[in-house]
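Before any comments, here is the structure.
The values are calculated or read from the model by the stated rules, or taken from the named source; none is laboratory data. Only a predicted model underlies this, so the values are computations on that prediction, with no experimental measurement involved. In this analysis, Cβ positions are derived from the backbone assuming ideal geometry, glycine residues included, and neighbour counts consider all displayed protein chains. Areas reflect the complete protein model, heavy atoms only, side chains present, ligands, DNA and RNA absent. Shrake-Rupley method; radii C 1.70, N 1.55, O 1.52, S 1.80 Å.
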Amino acid sequence: MKKIVKISNSINRGTPPASKVLLEYELWLNKRYGRVGNYLTNAKTFLKTYKDGPELTYQLDSYIEDMSLTMQSILRRFRLFIKEKNIQFVVNDLLEKKLPLGNIYVKVFLASRRDRLRGEFSLSTYATVLNQFFNLIDHDLKFFNKRWAEKFIHAPALSDFTKRLYKSVLKSFCDWAMLYQNTDPKHLSREQLQVRKGLSLLSAQSLREISDIKVQSSKSQLKRYHKESLTIKQRDRLLKLCENQRQRAIISLMAWNGLRTIEVLRLTAPDCQFKENRIAVWGKGKSSRSKEAIRLFDVPKMEVKKYFKIESISRGKAFPGISKKEVIDLIDNKFERLGVTNKPGKYSPHSLRHTAGQIMYDRGIPLEFIQKTLRHSSLETTMVYAQKAIDRKYFTAMPRFI
């Protein structure tokens, strides 16, 4: 018996566009699962095939019918979402041609603010936040308004610090856009006039409303960091304190590439791809099939390569015969010799991971690259390095007179 298909010959005015459904789905994924992954991408691919007529769930079931079990599982999460939100039909606006203005705006904004955003790390932070917001609204300026800005700033998973940071960046952008709109056209170049024309799509009211968004802060403004990180000099000295090449290889992988203790123990010789300057990392709680390839930095590359040569290691475990306790004892001993154990509980093997992340941030590596290198599931985790840098520099960099 054929399945009865409900067909709508007319789309109600309240029917949401597919682009809006995707934005809501992204927020739903982050709130419920703490990650987006490829769930959003595959939902978007499906929605591009949507045609007026049969209900959304019916078209989705037909779409995944001959797919692999993995793909069916991924798209069933989207099915759960549309059933929960009672979305029966959508307006397919995903095939409409849109100008990706977001990146252009971000670039022009950052170029005009180089005198204020001192240091590459500041530019990187602003670029990351703005690009995230423009990606959230799919570069569609009609969604550049208070409603979507509040969803972006007040996402449940964000800390007070990150919410304040997001608000500050968006406010700075809005102030710049309003100034750009109010500039006399005769003072602008041809390229600037094009940007000004694009910015005219943003209403002055929306820009003011976003600037006025309130962020409620908790009583404790100061972030309490679980682990401290070493300075560059301390990290270099730590490597010199190593007594053999195996110790140097382990310390460099943890303090430069940010590998966790368990990731060092799981590492195999084939994982170290010296010619490609890559290393395949088997993360915590993951199977060997889900190894992630990241950049292998020069120092650990040199130390590990030398260690393999001395020990004649070409297959199997990279560090055979060593236990987790031995790695912990090794690092604790080095910290004691380094003289940083005067803060109980603040230094542990995980401090080397924090050291790698903090030094990458301080040296201007974009936050999204740090996130990929450390394999954080959420950018929120990576943001701690930005907060540490701000807290560390605040009283010395902030002027006494304004």
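What the table below lists for this structure:
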{"quantity": "In region 300-345, the residues that are open to solvent by 30 Å² or more (accessible area, probe 1.4 Å), within 21 Å of Ala280 (Cα to Cα), in a helix (DSSP H, G or I) and charged (D, E, K, R)", "calculated": "Lys301, Lys305, Lys306, Lys309, Glu311, Lys324"}
{"quantity": "Members of region 69-82 that are more than 14 Å from Leu29 (Cα to Cα) and surrounded by 12 or more Cβ atoms within 10 Å (Cβ to Cβ)", "calculated": "Met71, Gln72, Ser73"}
{"quantity": "Residue selected from region 208-237 under the condition among the polar types (S, T, N, Q) and at pLDDT 85 or above, by the criterion nearest to the chain's Cα centre (by Cα)", "calculated": "Ser229"}
{"quantity": "Residue among Leu201, Leu193, Leu188 that is open to solvent by 40 Å² or more (accessible area, probe 1.4 Å) and over 29 Å from Val21 (Cβ atoms)", "calculated": "Leu193"}
{"quantity": "Test for Ile279: is it within 20 Å of Ile359 (Cα to Cα) and within 28 Å of the chain's Cα centre (by Cα)", "calculated": "yes"}
{"quantity": "Count of region 350-371 residues which are modelled with pLDDT of 90 or more and not in a helix (DSSP H, G or I)", "calculated": "0"}
{"quantity": "Leading residue by the ranking (farthest from the chain's Cα centre (by Cα)) among those in region 138-191 that are aromatic (Phe, Trp, Tyr) and under 21 Å from Ser124 (Cβ atoms)", "calculated": "Trp176"}
{"quantity": "Cβ pairs under 8 Å, 6+ apart, first in region 169-188 and closer than 26 Å to Met383 by Cα and modelled with pLDDT under 90, second among the polar types (S, T, N, Q) and open to solvent by 30 Å² or more (accessible area, probe 1.4 Å)", "calculated": "Trp176/Ser112"}
{"quantity": "Leading residue by the ranking (farthest from Ser323 (Cα to Cα)) among those in region 241-257 that are of a type in the set (A, V, I, L, M) and not in a loop (DSSP other than H, G, I, E, B)", "calculated": "Ala255"}
{"quantity": "Complete set of residues in region 286-299 that are in a helix (DSSP H, G or I) and open to solvent by 50 Å² or more (accessible area, probe 1.4 Å)", "calculated": "Ser288, Arg289, Asp298"}
{"quantity": "Qualifying residues in region 98-111 (those that are open to solvent by less than 50 Å² (accessible area, probe 1.4 Å) and at pLDDT 65 or above) - the one farthest from Lys197 (Cα to Cα)", "calculated": "Leu110"}
{"quantity": "Among the candidates Leu201, Leu158, residue that is in contact (Cβ under 8 Å) with a residue 12 or more places away in the chain, more than 27 Å from Gln387 (Cα to Cα) and either among the charged types (D, E, K, R) or part of a loop (DSSP other than H, G, I, E, B) (or both)", "calculated": "Leu201"}
{"quantity": "Subset of region 236-255 (residues that are open to solvent by less than 10 Å² (accessible area, probe 1.4 Å) and within 16 Å of Asp332 (Cβ to Cβ))", "calculated": "Leu238, Ile250, Ile251, Met254, Ala255"}
{"quantity": "Evaluation of Gly316 against (1) modelled with pLDDT of 95 or more; (2) on the phi > 0 side of the Ramachandran plot (one fails), failing number", "calculated": "(1)"}
{"quantity": "Count of residues meeting criterion [open to solvent by 20 Å² or more (accessible area, probe 1.4 Å) and on the phi > 0 side of the Ramachandran plot] in region 21-68", "calculated": "2"}
{"quantity": "Yes/no for Ser377 being assigned to a loop (DSSP other than H, G, I, E, B) and modelled with pLDDT under 80", "calculated": "yes"}
{"quantity": "Within region 130-155, tally of residues that are open to solvent by 50 Å² or more (accessible area, probe 1.4 Å) and outside any loop (DSSP other than H, G, I, E, B)", "calculated": "7"}
{"quantity": "Test: Arg363 is under 23 Å from Glu228 (Cα atoms) and in contact with a His (Cβ under 8 Å, 6 or more places away or on another chain)", "calculated": "no"}
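Table: residues versus (1) out of contact with any Phe, Trp or Tyr (no Cβ under 9 Å at 6 or more places or on another chain); (2) not acidic (Asp, Glu).
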| site | (1), (2) |
| --- | --- |
| Asp298 | no, no |
| Lys305 | no, yes |
| Ile313 | no, yes |
| Lys317 | yes, yes |
| Gly321 | yes, yes |
| Ile328 | yes, yes |
| Glu336 | yes, no |
| Gly357 | no, yes |
